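The next block holds one structure in the form of structure tokens; read it before the comments.
Derivation of every value follows stated rules applied to the coordinates shown; laboratory data play no part. Note that the structure is a prediction, hence the values are computed from the model and not measured. Positions of Cβ are backbone-derived with ideal geometry, glycine not excepted, and every protein chain shown enters the neighbour counts.
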Amino acid sequence: MRLRLPEERPTEPPTGYKIAHPVLSQDGTRAGFTGVSLGGALPYGVLADASCVYGLRHQAPHRRCDCGFHCVHDRTTAEALLCTAEHRTAVLLEVLVLGRYIRFERGFRYARQRVRTATVGPCACGTVTAALADAGWGRPGWHALAPSCAGCLRGRTSVSLAGFARLAGDRLRVVAGDGLRVAGDELLPAAGPGAPGGLGVPELVAEAALLQARLDWFQSQLARLGERGPGGAPQG
């Protein structure tokens, strides 16, 4: 006799939590995420469909395979994964579980997802994150990004939190370490006081700090070039 799993027909999509690394396309026009374990070589967007990472032709998730997106029920369980050394620069995602899914004791394995919120931790120096910067590794065609404050950018390829949300699209919300939320260039209700229809004061301060850090870096480079003289030889 063939055993069948009990069917669920929820009135609303279940919510789950997972961690992932933010990524930026090589040409800087797209943003997304890549997983930390199975399927980590395949970056995905805010709204994405799963496929079998082993190349099998069945639909994900298959009962006799471990393919499909994975998430846990409890936010605290997902946050605990960020304590490990290899996951310190990952972000916490809140996702909607869409399509077919298999429920387990601690989470779901499912066919489709929508990333609703990405929570970005602090910079490695402990300062509140102002941008996502090149982490020094990536996937073919994609730069992996890590949280960075304005002072630690040092000329690396980077994108502001608002810029990442805008490139990712689908009204992704990005939550900085201090609880600020931005989506594209729109102010979300919980982001605090600000001008209607635009970015609030905290977001503008973060953007200004990012621009100032880049300006300081460019000025330092120009100063070094000036010391070497027009022909490239040191002056003096």
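Side notes on the structure shown:
- Efficiency of FRET from Cβ geometry, A223 and R63, R₀ 45 Å, rounded to 0.05: 0.10
- Sorted ascending by nearby beta carbons within 10 Å, beginning with the fewest, Y110, Y17, Y54 become Y54, Y17, Y110.
- Spin-label model distance (nm) - T77 vs R103, 7 Å beyond Cα toward Cβ: 1.3 nm
- If R0 equals 30 Å, the separation of the Cβ atoms of L211 and Q26 corresponds to a calculated FRET efficiency of about 0.80.
- Three-way shape call for the range 1-139 based on the alpha-carbon gyration tensor, with the a/c threshold at 1.5: prolate
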